[in-house]
Amino acid sequence: MLASVPLKVISASPVPSPVRHGDLVYLSRGYRGSPYMAIRPGGRGDVSKTHVVWHKPTGASYSSSILYYDGLLYMTNEVGIVTCADARTGERLWRHRLGGVFFASPVAGDGKIYVTGGANSLSGVTENGIHPTRPHNVMATVEEYDPAANTWKTVRPLLLARNHHVTVGVADKLYVIGGRVGSAFISGTSNNVD
C-alpha cells in the first residue's frame, strides 16, 4: 500500500506516477530537486525506515514518470537530460542531454527507449525555462535510444508537435495522447507513430 509511506519521505507535489516491478515500487517526488526512490509496498504506520530500499536526492523529473526497463530506470527531466540508473541501487549509470525540454515520460517498445515531443526556447530568449507565457517552440521530435548499441538517434517526428503529453508503447507502435501545443492544452487528439 503506497499510502503507508509518509509524506515526509515522498515530499510535496507527487506528479509522476509510481512504477512497480517485482516486489519494488519506484517513484519520484515530482518537484524541483526531484529525488527518486525504491520502496517495498505494505507495512503499517511510518515505514520510512523499514520499506525505503534506496533514496537518491536528485535526478528525476518534475512531471515525468520513471520508466523501468530491463533492470534499469530511465528518467527525463525538465532541463532536457535523460538519466539511466540501476534499479537495484539507484546509482546513476549515465546522463544524456537532448535538444529540448521534455515533460512526457520515456516509454519502451521493440527493445528501444523513446522520448517524444517537448519544447525549447526561441533563439534570443534569455529567460530560463519553458513557460506558457514565454515564447518557445513546441517540438515534434522522437528520440530513440538503443540500449544494445548504446546509441541515440532522431527518428520519424510526431504528426503534431506537442509537450506535456502521454506516450504509450503497444507492440511496435507508439501512441501519443493529449498534451500542449504552445500554451494551449489539447486533450482530444492522439497520434500513432509507427
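Would the range 66-86 turn up any residue that is modelled with pLDDT under 80 and on the phi > 0 side of the Ramachandran plot? The answer is no, given that none of the residues of the range 66-86 is modelled with pLDDT under 80 and on the phi > 0 side of the Ramachandran plot. When SER11 is tested against (1) in contact with a Lys or Arg (Cβ under 6 Å, 6 or more places away or on another chain); (2) at pLDDT 90 or above, just one condition goes unmet, and that condition is (2).
Please go through the range 140-174 and pick out each residue that is modelled with pLDDT under 80 and open to solvent by less than 70 Å² (accessible area, probe 1.4 Å). Once the filter is applied, which keeps residues that are modelled with pLDDT under 80 and open to solvent by less than 70 Å² (accessible area, probe 1.4 Å), the range 140-174 yields ASN163, HIS164, HIS165.
For the subset of the range 37-65 comprising residues that are open to solvent by less than 10 Å² (accessible area, probe 1.4 Å) and modelled with pLDDT of 90 or more, which member is farthest from THR116 (Cα to Cα)?
First pass over the range 37-65, keeping only residues open to solvent by less than 10 Å² (accessible area, probe 1.4 Å): 37-39, 47, 60-61, 64.
Narrowing further to those that are modelled with pLDDT of 90 or more: 37-39.
On the way: MET37: 24, ALA38: 25, ILE39: 28 Å.
Among those that are open to solvent by less than 10 Å² (accessible area, probe 1.4 Å) and modelled with pLDDT of 90 or more, it is ILE39.
Beta carbons closer than 7 Å, at least 6 apart along the sequence or on distinct chains, never pair a first residue in the range 67-83 that is in contact (Cβ under 8 Å) with a residue 40 or more places away in the chain and over 14 Å from ILE113 (Cα atoms) with a second that is in a loop (DSSP other than H, G, I, E, B) and among the charged types (D, E, K, R).
The values are calculated or read from the model by the stated rules, or taken from the named source; none is laboratory data. Predicted model only: the values in this text are computed from it and were never measured. Quick reminder, even Gly has a Cβ in these numbers, built from the backbone with ideal geometry, and neighbours come from all protein chains shown. Heads up: the accessible areas ignore ligands, DNA and RNA and are worked out on the full protein's heavy atoms, side chains in. Shrake-Rupley method; radii C 1.70, N 1.55, O 1.52, S 1.80 Å.
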